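The structure appears below as C-alpha cells.
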C-alpha cells in the first residue's frame, strides 16, 4: 500500500505536461512557463535561497571586490551610496524624552536630552575596538560593505577598557564561514556559519576569530577554528531578497556580468583605437625575399618611418596599408545602452552613474533625482532600524550601567524609547520652484512644517530653537534683521510670474 502511494506521488510530481494540451489548458496557463524554441535556454530550478547561495556566495563577493578595485563605475557606485545615504555628517542622534513629573509634564526634558546627545557624540569619536574608526567611519564602512559584499557584521565588545564600557568591532563576512553546515540538538541547525532555531531566528554565529583576517597572506598559519558567538553580541546586517535567506548577496550581483563585459569591450576599443592611430603596413614581394630591414626583437624584418618622410621601396616591393577604424560610430550608443542596464541593476540613474548630463532636461533630471532619493531614503530607514538604533540602545544601557553619564539605569526606558536618528536631507534641483511649492502646500494644509523640515534632514523643533537663538543673538548685538520668517508682518512673498 505504501509503495503504491509513493508510486502515485512520484508519478504526479514527475509526470510531464501533455504535448498537446486542450484549448482550455492553453487558455489558463502562463506564457512564461510554456515551452518553445525561444525559451529553450530559459531554465529555472526550485531551490531555497540558501541553496542558491551555498556555492556562489564567496565567488560573487570576490568578483564584486575585484570590480570595486579596478572598475571606474563600481567605484562611482560606492561613492554615490556613501555620499547620498550617509552624507557629510552621517546619522545624527536626537533624544526626545519628555518630563514625567510636575510642573513640566509633557515638555521636552531639555537637560536630559542634551546629556544623552552630548555623551553619544563623545563616545562616537572613537567607538571602534581598534580605535581607528569613528561612528561616522563605521557608517561608511557599513554602507560600502553592504554594496560590495552584501553583508557586514558588527560585534559588541564590552569592558572597562572602552569608553562607556562598549566598543564596536567591524567584521567582514569572511569571518563567517559559509561552508559550515551542521545539525544541532533540539531542532537547531547551522547554515553557512549561522546557528538557527526552528523558526530560523539566529541564535549564534560561528566566527573565525584569530590573529588577523581569516584570509591574510602574511606567512601566518590559517586556522579553521570557529568561535561560537551568541547572537546578542552580533549585528548581522544585510538586505534579504527572500524570506528564509540566511546570508546577504552583493548588490552588484545582477549587474556584474555587464560591468565585466563592458570593461573588456572598452579595453579592446581603446587598444584598437591606439593601434589605428599608429599607421601600420606591410611590404609585400612576389617571392617574399629581396628586402633586408632592421630586425626586431622577435626576428622580424621591419622598416621604420619618420613622420612626414617619403621613402623609396626596394625593387619588387609593394606597400599594403593596415588601417583599422576604431572606435566605430556605434561605440557611443552601444556603451550608453549597456551602461543604462548596469545603472538599472544597481538601482540608480544613468546620469548619476555615468556623470553624463549631456542632453538632459530639467524635467528628466528631476524625475531621476526623485526616484534615486526614494531609494536612498529607503536604505537610510533600513540602516536606522538595523544599525543605528540597536547600537545606540546598547550604548545607552552600558553608559547608564557604568555610571559614565549622570542618569540612573532606572530611566533607561524613558530615554531608549524616544531616541531618533535622522539621515542627511537633499536639496532640490530647482530650489526656487520647490520652495514656493512647499510654501503653498503648508499654506493649504497639505503638509506640515515638520514634513518640510524632515525632507531636509532637520527637526522642526530644532529649527525653531535655532531661529529663536538667532533672533536673541541679533538683539544682543543690536542688529535689526531685515526679515522675520514664519509670520512676517509684511505678508507672504508672492510667487514670480513666468
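Here are some conditions: (1) more than 22 Å from residue 63 (Cα to Cα); (2) modelled with pLDDT of 95 or more; (3) in a strand (DSSP E or B). Residue 228 meets all but one. Which one does it not meet?
In the conditions (1) more than 22 Å from residue 63 (Cα to Cα); (2) modelled with pLDDT of 95 or more; (3) in a strand (DSSP E or B), residue 228 misses (2) alone.
Yes or no, residue by residue, for (1) out of contact with any strand residue (DSSP E or B) (no Cβ under 6 Å at 6 or more places or on another chain); (2) part of a helix (DSSP H, G or I); (3) surrounded by 15 or more Cβ atoms within 10 Å (Cβ to Cβ); (4) free of Cβ contacts under 8 Å to residues at least 12 places away in the same chain:
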site: 321; (1), (2), (3), (4): no, no, no, no
site: 329; (1), (2), (3), (4): yes, no, no, yes
site: 333; (1), (2), (3), (4): yes, yes, no, yes
site: 377; (1), (2), (3), (4): yes, yes, yes, no
site: 380; (1), (2), (3), (4): yes, yes, yes, no
site: 385; (1), (2), (3), (4): yes, yes, no, yes
site: 395; (1), (2), (3), (4): no, yes, yes, no
site: 400; (1), (2), (3), (4): yes, yes, yes, no
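Is at least one residue of the range 439-452 in a helix (DSSP H, G or I) and either under 25 Å from the mean Cα position of the chain (by Cα) or under 17 Å from residue 117 (Cα atoms) (or both)?
No - not one qualifying residue is present in the range 439-452.
How many residues does the range 350-375 hold that are farther than 23 Å from residue 432 by Cα, touching a residue at least 60 places away in the same chain (Cβ under 8 Å) and either loosely packed, with under 12 Cβ neighbours inside 10 Å or out of contact with any helix residue (DSSP H, G or I) (no Cβ under 7 Å at 6 or more places or on another chain) (or both)?
The total comes to 1.
If residue 162 passes every condition in (1) out of contact with any strand residue (DSSP E or B) (no Cβ under 9 Å at 6 or more places or on another chain); (2) loosely packed, with under 14 Cβ neighbours inside 10 Å but one, which one does it miss?
Only one criterion in (1) out of contact with any strand residue (DSSP E or B) (no Cβ under 9 Å at 6 or more places or on another chain); (2) loosely packed, with under 14 Cβ neighbours inside 10 Å is unmet by residue 162, namely (2).
So how many residues does the range 122-168 have that are within 29 Å of residue 58 (Cα to Cα) and part of a helix (DSSP H, G or I)?
The qualifying residues number 15.
Read through the list (1) over 20 Å from the mean Cα position of the chain (by Cα); (2) surrounded by 13 or more Cβ atoms within 10 Å (Cβ to Cβ); (3) in a strand (DSSP E or B), then give the number of the only condition that residue 236 fails.
The one condition residue 236 does not meet is (1).
Restricting attention to the range 274-288, does a residue exist that is surrounded by 15 or more Cβ atoms within 10 Å (Cβ to Cβ) and at pLDDT below 80?
Within the range 274-288, one or more residues are surrounded by 15 or more Cβ atoms within 10 Å (Cβ to Cβ) and at pLDDT below 80.
Being in contact with a helix residue (DSSP H, G or I) (Cβ under 6 Å, 6 or more places away or on another chain) and outside any loop (DSSP other than H, G, I, E, B) is the filter here, so list the residues in the range 169-188 that pass it.
170, 173
The values are calculated or read from the model by the stated rules, or taken from the named source; none is laboratory data. Since the structure is predicted, the reported quantities are computational estimates derived from the model, not experimental observations. Reconstructed Cβ throughout: ideal geometry from the backbone, glycine too, with neighbour counts over all protein chains shown.
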